[in-house]
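The values are calculated or read from the model by the stated rules, or taken from the named source; none is laboratory data. The structure presented is a predicted model; accordingly, all values stated were derived computationally and were not measured. Heads up, the Cβs are rebuilt from the backbone with ideal geometry, glycines too, and the neighbour counts pull from every protein chain shown. Accessible surface is based on the protein model in full, side chains and every heavy atom, while ligands, DNA and RNA are left aside. Shrake-Rupley method; radii C 1.70, N 1.55, O 1.52, S 1.80 Å.
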Amino acid sequence: MTETPQNSTTNKHPDQHLDKTLDRDCTTLSRHVLQQLQSFGPNAQDLSALMSRIALAGKLISRRFSRAGLMEDVLGFTGEVNVQGESVKKMDIYANEVFISVFKQSGLVCRLASEEMEQPYYIPENCPIGRYTLLYDPIDGSSNTDINLSLGSIFSIRQQEGTDLDGEAKDLLQNGRKQLAAGYILYGPSTMLVYTIGKGVHFFTLDPSLGEFILTQENVKIPNHGGVYSVNEGNFWQWSEPYREYIRYVHSTKGYSARYSGAMVSDIHRILVQGGVFLYPGTIEKPQGKLRLLYETAPLAFLIEQAGGSASTGEIDILEVVPTKLHQRTPLIIGSPENVEKVKSFVKAVEV
Ligand code: AHG
Ligand code: MN
Ligand code: MN
């Protein structure tokens with residue numbers, strides 16, 4: 001009779017001899033969504049599939065960025081101006097089309113709305129069965145494209161309400177608490193995908209050798225207070241007095257550092273990790289500021305709130321704002337709760 005060797009692994013539970021990094025490497029985004037929802041039901045499968053396709057979009061955009069200087073027709077402007085009156089970069093158009101393309105034949109997303117399109121884009125084969133709408137900023141911080149600095153993409157998923165037979169997408173004009181999922185992809189030294197489905201905030205990092213986003217940090221919490229303030233101080237002359245007063249306060253108080261990259265995704269990622277506040281107040285030229293609610297400020301507000309932070313227009317929470325049009329702008333104060341309160345105390349003090 002043959003005896004089983006003493007140190008044999010055959011009788012051990014698989015978890016006892018699995019390499020820990022192997023388990024981590026298998027925690028892909030689609031698996032994580034199912035884990036979060038603790039369900040294999042149809043809604044969980046849909047959200048998991050939606051996040052996988054957003055991840056694919058991130059991989060395609062990341063791949064193009066990583067070889068931008070080596071390829072023709074990646075850098076520079078198209079010569080066109082978008083619905084916001086801003087000059088369009090070739091990468092804005094490419095990334096806009098990537099998100100449309102990854103949702104073709106998905107049966108998931110009937111409509112997409114983005115910074116680069118005046119009207120929502122309908123994918124006929126997905127309508128009417130596609131129950132979701134994707135709202136997105138294909139490239140955030142596109143002025144960084146040609147100088148090889150960090151950029152982002154921002155996304156938000158909402159349930160489609162009604163049939164939208166008139167093609168007006170009026171059901172999108174609701175507050176930010178209607179978001180099912182939101183997050184961003186950060187194209188930095190590594191590419192990260194940060195997301196929430198209303199169950200905390202989670203970091204995934206793209207492993208280029210695998211071509212997969214792998215979980216790197218779960219349930220991220222923003223510090224209550226931080227020393228970073230992030231704002232374009234070149235607009236000082238255009239701000240109302242309360243914002244100028246806040247900046248004077250920061251300039252005369254120990255413990256603050258300015259950081260501003262030109263890509264809000266990068267700046268807010270820093271603040272999420274290290275604490276602080278990002279501001280984009282209204283200006284003389286743009287009284288509601290520059291940033292758009294549905295695909296910039298609302299998704300970031302949802303995410304930062306899920307991490308324990310807050311986001312405000314200065315008057316109300318960003319997530320309470322009900323837009324009257326697709327491309328509506330809002331002022332933004334976002335970050336660590338104490339920093340946001342401090343800014344608001346200046347804004348409110350003068351209003352009274
Ligand atoms: P986008 O590239 O989508 O137009 O967004 C750029 C945004 C934001 O990312 C950044 O913080 C801000 O605009 C920079 O604007 P200013 O140059 O006015 O500071
Ligand atoms: Mn943007
Ligand atoms: Mn953009």
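Annotations
- Residue check, L193 modelled with pLDDT of 95 or more, farther than 18 Å from L319 by Cβ and in the same structural domain as A57 (by TED's automatic domain parsing): yes
- Scanning region 127-137 for residues being more than 16 Å from ligand 2 (Cβ to nearest atom) and either part of a loop (DSSP other than H, G, I, E, B) or in contact with a Ser or Thr (Cβ under 6 Å, 6 or more places away or on another chain) (or both) gives a total of 5.
- Region 295-346, subset part of a strand (DSSP E or B) and among the β-branched types (V, I, T), residue surrounded by the most Cβ atoms within 10 Å (Cβ to Cβ): I334
- When region 251-282 is filtered for residues that are touching a helix residue (DSSP H, G or I) at 6+ places or on another chain (Cβ under 9 Å), without any contact (Cβ under 8 Å) to a residue 60 or more places away in the chain and in a strand (DSSP E or B), the ones remaining, listed by number, are A258, F278, Y280.
- All conditions but one from (1) without any contact (Cβ under 8 Å) to a residue 12 or more places away in the chain; (2) under 20 Å from I61 (Cβ atoms); (3) of a type in the set (F, W, Y) apply to F236; the one that does not is (2).
- Entry remark, region 222-247: residues being among the polar types (S, T, N, Q) and either open to solvent by less than 20 Å² (accessible area, probe 1.4 Å) or assigned to a helix (DSSP H, G or I) (or both) number 3 in total.
- Top-ranked residue in region 95-125 [being hydroxyl-bearing (S, T, Y) and either touching a strand residue (DSSP E or B) at 6+ places or on another chain (Cβ under 6 Å) or open to solvent by less than 60 Å² (accessible area, probe 1.4 Å) (or both); ranked as farthest from ligand 3 (Cβ to nearest atom)]: S106
- Subset of region 71-115 that is hydroxyl-bearing (S, T, Y) and more than 24 Å from N148 (Cα to Cα) - its residue that is farthest from ligand 2 (Cβ to nearest atom): S106
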